[in-house]
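Note sheet for the following structure.
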Amino acid sequence: MFPGSVSGVDWSGWLLLAEWCIRVGMLFVVPSRHSSDAAKAWLLLIFFEPLAGTTLYLLMGRAKLPAWRTRREHEFRQRVAPIVRRLRAHPNVFRPDLSDEHRRHGHLAERLGEMPILGGNAVEVLCHYNGMIDRLVADIDAAQRSVHLLFYIVADDAVGGRVVEAMGRAAARGVRCRLLYDPVGSRPFLGSLAKRAVRLGVDVAEMLPIRPFQGRLMARLDLRNHRKIAVIDGGTGYAGSLNLIEPGFKKGLVYEELMVRVTGPAVLELQFVFLSDWFVETGSFVVGDDVLPDPVQTGAMAVQMLPSGPDFPVQNNQRLFVSMVHEADRSVHLITPYFIPDQPLLQAMQTAAQRGVDVRLILPRSPDSFLVSRAQRAYYGPLLEAGVHIHLYRPAFLHSKYLCIDDGIAVVGSSNLDMRSFLLNSEITLICYDHAVAEALRLEAERTIAASDSVDPAAWARRPFYLRVVENLMRLLSPVL
């Protein structure tokens, strides 16, 4: 017997040959299915660990949902089409007059997400954690027909429990309440809250459930529904970064969030996103005046929703963000907790700064993920060299996700500026074409800048060599983090 032999047969040579066959074969498979950045990351992993890398690639390598889910989404669009036509013909549903620049962005978002800009809305920016929960609970307590919540994390704590109790009170007075949650995001925190919600009369369903022994319902661990949506009576909606969990749920960190509360015809677009996800997960096609009432004009703001995720043929949120940064004239504020850009977004930010646009990137100083924080630091150098200002927020973990473009466009949603949000997660983005909302977000961005440490380009260039090595190694893997 010799090392590498079994029953007197030496298998080491065959194993070596198999590994090289995998390396060479994947050179033809991976680049044809991915961007160059993602392909390089996967090939690097496969080169060093052929068997493990290929196994991971087969499990997680393509952002593709099961065929049955795609069929259900198509079925929902077909079944809801007559309702969409009826609502679009309603006198309170109209396309507002906008500048050429805003129309271009709106046309792009509509082509990507099939949802138009709608006028007649009111939007309120909510920046205080407890205030957001107070406002949401108050709206649920005032609900008369329906309450729909979709959140990546729902926790069995003071925050999640308070919201579910409000839904229970609504259900007790005859309001139809539905709750969607992501099982991967919520699982460490959910406890018995879902069962308690059911006992209170709330309809509860998981999004993209992980059930390996029920093949048709099985979903990939890395393809998640990351949206945060609330719709009450079809006329009041919420979108943004907030999860239903206490702000200090991670030891040593306190999360800071931002949401927008919107009323008016655009809320129906949020409702359609929820109803689509509900139909895909449960097979229940929900219609009626309780969920899709006649729209009411509540203000003068133009608002548009943009859903994105693996169920769309292209990266909707990424294309919108890149286009907006490229077309900015004066200023761009980008606020995100996770920044791992693809090459088009990186170049858009560099190009905007080089042509004189004031580009500011605001990130949390204290990270909640070592790998992601080290990967994103590798992008600081090229951005600083181009003239982008980078600010690291000190007081809390800044989990807010929004963009301010010039002084007239505000973008708020669940999407981070990373390839996970672009490729793997289902996200929702609210676009508001209004100077007042854009100014409110710009002032909030300036508040965070005042409480941040600005990254000095000269000092950054002098950081230790070993840190650069670690950061650049993590950057190689950033497309798969």
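Results, tabulated for the structure shown:
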| quantity | calculated |
| --- | --- |
| Ratio Rg/Rh [Cα only; Rh per Kirkwood] for the range 213-372 | 1.00 |
| DSSP-defined beta bridges in the chain - what % are antiparallel, rounded to 5 | 65 percent |
| Distance histogram for the range 271-334 (every C-alpha pair counted, 5 angstrom bins, percent rounded to whole numbers) | 3, 11, 16, 16, 16, 15, 13, 6, 3, 0 |
| Hypothetical label at E114: residues of the range 62-85 whose amide nitrogen lies under 19 Å (7 Å Cα-Cβ projection) | 64-85 |
| Within-14-Å neighbourhood charge of V325 [Cβ basis; K, R +1; D, E -1] | -1 |
| The chain, accessible surface, carbon-and-sulfur percent (1.4 angstrom probe) | 58 percent |
| Computed label-point distance, nm, for sites E124 and W20 using a 7 Å Cα→Cβ extension | 6.9 nm |
| Relative frequency of Cα-Cα separations exceeding 22 Å in the range 66-200, percent | 59 percent |
| Where only C-alpha atoms are counted, convex hull volume of the range 328-380 per residue in Å³ | 73 Å³ |
| Reduced Cα scattering model of the range 368-481, Debye log10 I(q)/I(0), q = 0.13 Å⁻¹ | -0.62 |
| 12 Å beta-carbon shell around L473, net charge (K/R +1, D/E -1) | +3 |
| Per principal axis, descending, Cα span of the range 351-411 in whole Å | 33, 26, 16 |
| Cα centroid separation - the range 134-196 against the range 301-360, whole Å | 32 Å |
| Where Rh is the Kirkwood radius over Cα pairs, Rg/Rh for the range 74-136 | 1.09 |
| The range 257-339, relative contact order [Cα under 8 Å, separation at least 6], % | 26 percent |
| Net length gained if the chain between F48 and W460 were fully extended (0.36 nm per residue, minus Cα distance) | 145.2 nm |
| Among 239-245, 292-298, the order from most to least packed when residues are scored by Cβ within 10 Å on average | 239-245, 292-298 |
| Environment charge at D406 (Cβ cut-off 12 Å; Lys +1, Arg +1, Asp -1, Glu -1) | -4 |
| J(HN,Hα) series, the range 77-94, from Karplus relation 6.51 cos²θ - 1.76 cosθ + 1.60, nearest Hz, glycine and proline x | 4, 5, 6, 8, 4, x, 5, 4, 4, 5, 5, 5, 8, 5, x, 8, 9, 8 |
| Distance in nm between pseudo-label sites at R71 and D453 (7 Å out along the Cβ direction from Cα) | 5.5 nm |
| 19 Å reach of a label modelled at D157, 7 Å along Cα-to-Cβ, counting backbone N of the range 115-133 | 127-133 |
| Ordering of 308-318, 408-418 by packing [mean C-beta count within 10 Å, highest first] | 408-418, 308-318 |
| The range 419-463: equivalent-ellipsoid semi-axes (sqrt of 5 x gyration tensor eigenvalues, Cα, Å) | 28, 22, 8 |
| Rg/Rh for the range 223-308, where both radii come from Cα atoms and Rh is the Kirkwood radius | 1.03 |
| As computed over the chain, the Cα convex hull volume per residue (Å³) | 166 Å³ |
| Residues in the range 84-120 that a label on H435 would reach, taking backbone N under 18 Å of a point 7 Å out along Cα→Cβ | 96-103, 120 |
| Accessible area expressed per residue, the chain, with surrounding protein chains retained (probe 1.4 Å, Å²) | 43 Å² |
| Mean separation of Cα contacts under 8 Å (6+ apart) over length of the chain, as relative contact order % | 17 percent |
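The values are calculated or read from the model by the stated rules, or taken from the named source; none is laboratory data. All values derive from a computational prediction rather than experimental measurement. When we count neighbours, we look across all protein chains shown, and the Cβ atoms used for this are built from the backbone with ideal geometry, even at glycine. Areas reflect the complete protein model, heavy atoms only, side chains present, ligands, DNA and RNA absent. Shrake-Rupley method; radii C 1.70, N 1.55, O 1.52, S 1.80 Å.
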